[in-house]
1. Looking only at residues that are more than 40 Å from the chain's Cα centre (by Cα) and within 20 Å of Thr540 (Cα to Cα) in segment 601-630, which one is surrounded by the fewest Cβ atoms within 10 Å (Cβ to Cβ)?
2. Does Val285 satisfy being surrounded by fewer than 14 Cβ atoms within 10 Å (Cβ to Cβ) and either farther than 20 Å from Gly330 by Cβ or assigned by TED's automatic domain parsing to the domain that holds Lys318 (or both)?
3. Out of the residues in segment 152-196 meeting the condition of being under 35 Å from the mean Cα position of the chain (by Cα) and part of a strand (DSSP E or B), tell me which one is surrounded by the most Cβ atoms within 10 Å (Cβ to Cβ).
4. Please tell me if Gly293 is surrounded by 14 or more Cβ atoms within 10 Å (Cβ to Cβ), modelled with pLDDT of 95 or more and farther than 21 Å from Ala216 by Cα.
5. Given the criteria surrounded by fewer than 21 Cβ atoms within 10 Å (Cβ to Cβ), farther than 20 Å from Leu325 by Cα and in contact (Cβ under 8 Å) with a residue 24 or more places away in the chain, does Ala199 qualify?
6. Hey, among Leu75, Leu63, Leu93, Leu109, which residue is under 30 Å from Val230 (Cβ atoms), modelled with pLDDT of 90 or more, surrounded by 14 or more Cβ atoms within 10 Å (Cβ to Cβ) and not charged (D, E, K, R)?
7. Could you please find all residues in segment 519-536 being within 19 Å of Arg500 (Cα to Cα) and either buried (at least 22 other Cβ atoms within 10 Å of the Cβ) or hydrophobic (A, V, I, L, M, F, W, C) (or both)?
8. Which condition number in (1) within 29 Å of His91 (Cβ to Cβ); (2) touching a helix residue (DSSP H, G or I) at 6+ places or on another chain (Cβ under 8 Å); (3) of a type in the set (A, V, I, L, M) is the one that Leu195 fails?
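The values are calculated or read from the model by the stated rules, or taken from the named source; none is laboratory data. All values reported here derive from a predicted model rather than from experimental measurement. Positions of Cβ are backbone-derived with ideal geometry, glycine not excepted, and every protein chain shown enters the neighbour counts.
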Amino acid sequence: MTSAIKSSLPVFQKPWNETRQYWMLLVLLVLAPRSALSQEIQSTWARQRQMLANQFERDMQALAIECRDLGHDRLSAATLDWIKPRDASRHYLFLPPSTYVAPGDPAQLETQNTAWPEWHRRLRELREKHAQDLYEFAQTAATQKQWHIAGSSLWESLWQNPEFADVRRILDYHGLESEIKKINIRVARKNETTLGWQAGSYREGTAGQFRLLTTADDSAARELLYQLQVWRILWRQACFPYWINTDGAAQAIKAGRIVTGSPEAKHTIVLFANRQEFLQALRRVPGIEQSVGYFDSETARCFFYLDSQDPNLLATQKHELVHQLFQETGKRVRQPGEDSNFWLLEAAAMYFESLERIESLPERRTSETPVGSGEIWSVGGFDAQRLQFARLRWKRENFMASFSTLFVRGRQDFQRDPELARLYSQAAGMFHFLMHTEFTTNDSIETQTTPGSNVDVVFRILTKMYAGRDRADLVESETGQTPAELEQAYKEWLAFNAERDSTFLPLASNKLELALGFSPLADDAMSHFQAPGLKTLQLTKTSITDESLQQLATHHRDLQELFLDQTQVSDRGVLDVIKANRNLEALDLANTKISDAAVIACRDLSNLEALWLTQTNVTDEVVPTLLALPKLRVLDVQGTKISPTGQQQLSSKFK
């Protein structure tokens, strides 16, 4: 028997694109099956969920056509917008509003709504029907212990129909407004001896499962408590198989009762007013000067501080909170991963750094409801920061620790490795891989899916680790894959999937690093890409040309690292990028069509530290420019037309 791992397909992988022409609507309605269904879907449960989504899309598209036929183009657009595409590389998470909210801007739709009030009723009926279908599907999935897909279906059911009482009761969710009401903050009346704080010198806050101790002001305390509540809801949604009481969950879902779970501790968070207080209080913790947040499993506390200028602060807070939530939900050992698989614990926390809000419903603000009326979040994603570093360190630095070695390493062995930073990047990539693939076994006759979805498998592994039932072969036994098979599949999966993900490049508009190389990414996809804050961009061995670089130069002026090796770019595009990005520190032009002109233009790059010109047509004309660059330390001119004399001049400076 051999093994295979297939990419899983989420709901709405290839939904309606509202920018297409009107006649395409008619074509879509008569196409069966849809293109998403024409692709191989290994999981029967994923296929059934996809079928529900496809039917809902067809119904909504029919309503959109009717709107447009009646001349109500804005109602049509609002209908289609509700079923916009979803990125296959993400898991979508929902924070439904307290009551039903129609899509679209009410002010924009008012005139057409008045002309055809039937739209509201029809739209709501379609959403309520889909919510009922999802609920019934979740009931069936739960009876077969498909916990992840059951949980995600319940949350989307409530998103479609926020007034679905049974589902709201099952999930014990009452809207974001209710989380605000749980927040209570007061000046502390007792001394906090472990921190050395006197009564009256700090604040104590509570909100749901959280207790906050802080020297920050009331506003900062409230903001953090609300943020913690939201993150906890989303963590429990994504980690549904980890915390639920599986013995009674199926019966509860069927009966419309609250799903109970493992006992959860009250989570204590300490928020310092500034970094100096943070460092002083934790000065005895080894390496704390390198940290911007810390979870101490011995004292069962997370330690954070305020700093609005630190871009890594939010990601670290999510990371440390996830450690705490895993540790303090259920009966768990204090030091999981001591003897093996420690990478997985850190990888899970790094995965949740990618948690971000991607969409909100139109605001319905009043003095009583100070938050939005509903939000969609995601976790994972082709553009997750940690995943970018995993790609870069594999392809650019040729770093890949063997899976068999990682699986047997405990905490101390892992943390003392001189390549720790690279190991962390790889571990993060591996967890993304595990969360977004299906594990299958394949004999010579047919492919069969193993019991439980891929996400259920991951959380089954984590449950055993935190319960102290870890062992070196745990990942292999739960996935049904050998370390070598997993490693090979990971390498095949790791590169950017341009065919699937390039449509969603606009979602990466807030990213600082992107590794899109070793893919068929082309100019048409790059034409829709804008990430003004981008620092690192890898486009190695893609199909881009100067057209992409001209687009890049127009919208990006703060690049520090740009890798264009093995592409079809030439002087024309490179000159545009250099002119727009004077802070470049690393530039790879190896195996491109550039000439001396592109290199001579680098004279304006006073911060350039690394330049690769391998296998290009540059000549001795560039030597003076290269020698004059003040910070250049890494230079590769192998395979160029630079003469032996020129090579010797350069080698005397760049050894």
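1. Within segment 601-630, the subset more than 40 Å from the chain's Cα centre (by Cα) is 617-625, 627-628.
Okay, now just the ones that are also within 20 Å of Thr540 (Cα to Cα), so 617-618.
Working: Asn617: 13, Val618: 23.
Of everything passing the filter in segment 601-630, Asn617 is surrounded by the fewest Cβ atoms within 10 Å (Cβ to Cβ).
2. Values: surrounded by fewer than 14 Cβ atoms within 10 Å (Cβ to Cβ): yes; either farther than 20 Å from Gly330 by Cβ or assigned by TED's automatic domain parsing to the domain that holds Lys318 (or both): yes.
Answer is yes for this residue.
3. So the residue we want is Ile185.
4. Values: surrounded by 14 or more Cβ atoms within 10 Å (Cβ to Cβ): yes; modelled with pLDDT of 95 or more: yes; farther than 21 Å from Ala216 by Cα: no.
Considered against the rule, which asks whether it is surrounded by 14 or more Cβ atoms within 10 Å (Cβ to Cβ), modelled with pLDDT of 95 or more and farther than 21 Å from Ala216 by Cα, Gly293 comes out as no.
5. Numbers: surrounded by fewer than 21 Cβ atoms within 10 Å (Cβ to Cβ): yes; farther than 20 Å from Leu325 by Cα: yes; in contact (Cβ under 8 Å) with a residue 24 or more places away in the chain: no.
So Ala199 fails the test.
6. Numbers: Leu75 fails: under 30 Å from Val230 (Cβ atoms); Leu63 fails: under 30 Å from Val230 (Cβ atoms); Leu109 fails: modelled with pLDDT of 90 or more.
Selected residue: Leu93, the only one of Leu75, Leu63, Leu93, Leu109 that is under 30 Å from Val230 (Cβ atoms), modelled with pLDDT of 90 or more, surrounded by 14 or more Cβ atoms within 10 Å (Cβ to Cβ) and not charged (D, E, K, R).
7. Across segment 519-536, the qualifying residues are Leu521, Ala522, Ala525, Met526, Phe529.
8. Going through the list (1) within 29 Å of His91 (Cβ to Cβ); (2) touching a helix residue (DSSP H, G or I) at 6+ places or on another chain (Cβ under 8 Å); (3) of a type in the set (A, V, I, L, M), Leu195 breaks only (1).
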